[in-house]
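The values are calculated or read from the model by the stated rules, or taken from the named source; none is laboratory data. The model shown is predicted, which means the values in this text are computed figures rather than measured ones. Cβ placement follows ideal geometry from the backbone for every residue including glycine, while neighbour counts extend to all protein chains displayed. Only protein heavy atoms, including side chains, enter the accessible area calculation; ligands, DNA and RNA are left aside. Shrake-Rupley method; radii C 1.70, N 1.55, O 1.52, S 1.80 Å.
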Amino acid sequence: MTEGRSTVVSITASVSTACATLAALLVHEPALWQRTLFIALLVVTIAALCTLLATALSALSSWLKDQIRDQRTHENPDAHQPAPAAATTVQPYTATAARRPDPPAAHHRNETFVADRPHQPPPLSAADDPVEGSYRTRPPALRRRDVLARRLAAGLATCALLAGGFLVYRAASHHNPAPPSSPLATFRVPGSKLVTAVAFSGDGKTLATANCTSECTTLGPTSDGNVDLFNLTTGNRTATLTDPGNGNLITAIAISPDGNTLATADIHGATYLWNTITDSITATLPNPHKKDVVSGLAFSPDGATLATSDYGGTTYLWNTTTDTISATLTNPGNNNQVTYVAFSPNGKALATGEFDGATNLWNTATDTINATLTDPGNSGIVVDAAFSPDGKTFAAVLAGNHSTTELWNIATGDITGRLHDPGSHAQSVAFGPDGKTLATADTNGKTYLWNTTTGTITATLTNPGHYRVQDVLLFSAIRSVAFSPNGKTLGTANLGNSTYIWNMTWFSP
């Protein structure tokens, strides 16, 4: 029985070691191999745990038997004492002693007996003679405990090997395979329109894209701006929301956290709130300075406030319940055009970017500036920015002579990294839900996935078809990128008529 269990433990240890080795070798294999390896490791782990459980139960059973035996011995010690041997009179051996009759035929022919001398087994050789205190001379209870101790040690060693193999597998599975060469899905708008912005609903089921005709590059009044809503499950376009201002260019879009409200801003300073269920306008928020273009929109995390920024250097905070302005924030400085606006994840801070490259962090409780983030070595225009999910890091894209995405530590106000676009000019940025992944999209149709800890590119996604527009205003030329709320997909909108959805389940930073 002992040998059989030891064999099982040895086989389990060997299989687990082999699985760990395979896990290290199959780093770059497809996901199917990794799933198969995981199943194999799981089966071996269950087998090892069953063996360990059986050993533990056997040890418990032996311990209980010893306890019962000890209890009985304590209650009646005479009952367990061996009976005394019968007295035997041994006469001295003499040469003339009578010999016993010949033994029966079953005995060996040369075996002799000595009269009146008890039978004794033949003496043991030196090799067979047990040493006092050895395993052979120990009581049966101690010998059983030795066997159980060995089994437990073997089981624990097997579990340690399995844990090591599983950790190796996890490390291997976290190495990124090659990025997909084609998107998971493509959503096209009719005609030859340019898609300028993309946004996901809070539940991840709806995709909103802002688009316009090619005339929107000249800011013409007949740019035919509208927003298309797509069902990400079916891939169908569910609605087309046309700007009521005679098809004016839509400069920014935002979806409320609950996904029920869509905000759109146009070139003439008007902001409209749409009900995404009825596809109708529920409110119109006119910019107090009608000639100022609305450059950015952002909902607060609770959806109670909508921030609208304009090229006049002002950011307005709107109460979405009363549709009235609750605060007015004016950027300081001479060249103070607001290029973007973004809320922190907890809603306590609001970031507004300036045309001269500075970013102001506002306290939404006091409507005052807490800090201004300025890089003396880079005076480019801040075209887009985003907070990390934990609110500790801030990423800002500066478009100038050198397109750079700067990472800031919110607590200290220091730059922690500079990410240089390897191909062209970065135009949009988005953090993944894990906070370790940052996506930047440039004017050459490439989206780069960065590891914010190491500052290195971990993957590059290339749009299958991109439309490059030279010498156009920033808000109409921005290539938009956005993660879905669960981080499993990434949307990229180019200046062609398409929005691409990329599968992100293969990727880990």
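So for the stretch 303-312 (the condition being free of Cβ contacts under 8 Å to residues at least 24 places away in the same chain and not small (Gly, Ala, Ser)), does at least one residue qualify? Reasoning before the result, please.
So in the stretch 303-312, the residues free of Cβ contacts under 8 Å to residues at least 24 places away in the same chain come out as 304.
Retained after the next criterion (residues that are not small (Gly, Ala, Ser)): none.
The answer is no; no qualifying residue exists.
So that you can scan it fast, the table gives a plain yes or no per residue for (1) of a type in the set (Gly, Ala, Ser); (2) open to solvent by less than 20 Å² (accessible area, probe 1.4 Å); (3) touching a strand residue (DSSP E or B) at 6+ places or on another chain (Cβ under 7 Å); (4) not in a strand (DSSP E or B):
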| residue | (1), (2), (3), (4) |
| --- | --- |
| TRP318 | no, yes, yes, no |
| SER326 | yes, no, yes, no |
| LEU329 | no, yes, yes, no |
| VAL341 | no, yes, yes, no |
| ASN346 | no, no, no, yes |
| THR352 | no, yes, yes, no |
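Tell me, yes or no, whether the stretch 272-279 has at least one residue that is open to solvent by 70 Å² or more (accessible area, probe 1.4 Å) and among the hydrophobic types (A, V, I, L, M, F, W, C).
Kept after step one, since they are open to solvent by 70 Å² or more (accessible area, probe 1.4 Å), are these residues of the stretch 272-279: 277-278.
The next check asks that each one be among the hydrophobic types (A, V, I, L, M, F, W, C); those that pass are 277.
Among the residues of the stretch 272-279, at least one is open to solvent by 70 Å² or more (accessible area, probe 1.4 Å) and among the hydrophobic types (A, V, I, L, M, F, W, C), which makes the answer yes.
Return the pair list, or none, for Cβ contacts closer than 8 Å from residues in the stretch 433-453 that are over 13 Å from LEU407 (Cα atoms) and free of Cβ contacts under 8 Å to residues at least 12 places away in the same chain to residues that are open to solvent by 40 Å² or more (accessible area, probe 1.4 Å) and not in a strand (DSSP E or B), at least 6 apart or on different chains.
The qualifying pairs do not exist here.
From the list THR352, THR328, exactly one residue is touching a residue at least 12 places away in the same chain (Cβ under 8 Å), in contact with an Asp or Glu (Cβ under 9 Å, 6 or more places away or on another chain) and among the hydroxyl-bearing types (Ser, Thr, Tyr). Which is it? Before you say what the answer is, go through the steps one by one.
Numbers: THR352 fails: in contact with an Asp or Glu (Cβ under 9 Å, 6 or more places away or on another chain).
Exactly one of THR352, THR328 is touching a residue at least 12 places away in the same chain (Cβ under 8 Å), in contact with an Asp or Glu (Cβ under 9 Å, 6 or more places away or on another chain) and among the hydroxyl-bearing types (Ser, Thr, Tyr), namely THR328.
Among the residues of the stretch 198-213, write down those that are at pLDDT 85 or above, under 25 Å from VAL383 (Cα atoms) and in a strand (DSSP E or B).
VAL198, ALA199, PHE200, LEU207, ALA208, THR209, ALA210
Quick one: HIS289 ticks every box in (1) open to solvent by 10 Å² or more (accessible area, probe 1.4 Å); (2) under 34 Å from the mean Cα position of the chain (by Cα); (3) closer than 25 Å to ASP384 by Cβ bar one, so which box is it?
(2)
Out of the residues in the stretch 179-197 that are touching a helix residue (DSSP H, G or I) at 6+ places or on another chain (Cβ under 7 Å) and modelled with pLDDT of 70 or more, state the one that is farthest from GLN427 (Cα to Cα).
Let us first name the residues in the stretch 179-197 that are touching a helix residue (DSSP H, G or I) at 6+ places or on another chain (Cβ under 7 Å), namely 192, 194, 196.
Next cut, modelled with pLDDT of 70 or more only: 194, 196.
Values: LEU194: 15, THR196: 11 Å.
Across the stretch 179-197, the extreme among qualifying residues is LEU194.
Report whether or not ALA304 is open to solvent by 20 Å² or more (accessible area, probe 1.4 Å), within 38 Å of the chain's Cα centre (by Cα) and at pLDDT 90 or above. Outline the logic, then answer.
Numbers: open to solvent by 20 Å² or more (accessible area, probe 1.4 Å): yes; within 38 Å of the chain's Cα centre (by Cα): yes; at pLDDT 90 or above: yes.
Yes, satisfied.
For SER309, only one of the following conditions fails: (1) among the hydroxyl-bearing types (Ser, Thr, Tyr); (2) crowded, with 21+ Cβ neighbours inside 10 Å; (3) over 37 Å from the mean Cα position of the chain (by Cα). What is its number?
For SER309, the failing item is (3).
Which one is modelled with the lowest pLDDT among residues in the stretch 226-245 that are of a type outside the set (Val, Ile, Thr), outside any loop (DSSP other than H, G, I, E, B) and surrounded by 16 or more Cβ atoms within 10 Å (Cβ to Cβ)? Please lay out each step first, then the result.
Restricting attention to the stretch 226-245, the residues satisfying the condition of being of a type outside the set (Val, Ile, Thr) are 226, 228-232, 235-237, 239, 241, 243-245.
With outside any loop (DSSP other than H, G, I, E, B) added as a condition, the list becomes 226, 228-231, 237, 239, 241.
Next, from what is left, pick out any that are surrounded by 16 or more Cβ atoms within 10 Å (Cβ to Cβ): 226, 228-230, 237, 239, 241.
On the way: ASN226: 85, ASP228: 90, LEU229: 92, PHE230: 92, ARG237: 90, ALA239: 90, LEU241: 90.
Restricting to residues being of a type outside the set (Val, Ile, Thr), outside any loop (DSSP other than H, G, I, E, B) and surrounded by 16 or more Cβ atoms within 10 Å (Cβ to Cβ), the top hit is ASN226.
Results for (1) closer than 24 Å to VAL429 by Cα; (2) of a type in the set (Asp, Glu); (3) modelled with pLDDT of 90 or more, shown as yes or no for each residue.
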position	(1), (2), (3)
ASP224	no, yes, no
GLY247	no, no, no
ILE253	yes, no, yes
LEU273	no, no, yes
THR276	no, no, no
